[in-house]
Amino acid sequence: MFDISTINKRYFNISISVTNDEGKELDISLDVEPPKIKTLKKIIVLSKDKDDENAMSEAITLILNKNKTGFKVPNEIIENLDTDQYKAILKEYTSWLKEVKNNPN
């Protein structure tokens, strides 16, 4: 019998350092898990409009909050990322998802 729980999870490692409005440095390091299909579809829809910062912010939040430790990334960190950082995170994350999908191990 095939037991799906025996499949090893792979993680997208990300480190974020931002400076908040008060000049305080905020640092996090996460091991992000692959999303469930429903969440992936939502991330894809949200990330299609690269000019809608609210949608991009929601997509990044969905990605980052699905992490190994269950840490909920504070809005302060998400809000202090710029659009170039949003786009870079989405690009690297989708590249990682493709790599995981195409790697049978």
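The values are calculated or read from the model by the stated rules, or taken from the named source; none is laboratory data. Treat the numbers as computed from the prediction; the structure is a model and nothing was measured. Note: ideal-geometry Cβ built from the backbone for every residue, glycine included; neighbour counts use all protein chains shown. Heads up: the accessible areas ignore ligands, DNA and RNA and are worked out on the full protein's heavy atoms, side chains in. Shrake-Rupley method; radii C 1.70, N 1.55, O 1.52, S 1.80 Å.
Some observations on this one:
- Residue within segment 16-23 that is surrounded by 14 or more Cβ atoms within 10 Å (Cβ to Cβ), among the hydroxyl-bearing types (Ser, Thr, Tyr) and touching a residue at least 12 places away in the same chain (Cβ under 8 Å) present: no
- Selection count, segment 6-15, where residues are open to solvent by less than 100 Å² (accessible area, probe 1.4 Å) and outside any loop (DSSP other than H, G, I, E, B): 4
- So Ile7, is it free of Cβ contacts under 8 Å to residues at least 40 places away in the same chain and of a type in the set (A, V, I, L, M, F, W, C): yes
- Condition check for Lys38: over 26 Å from Asn80 (Cβ atoms), at pLDDT 90 or above and not hydroxyl-bearing (Ser, Thr, Tyr): yes
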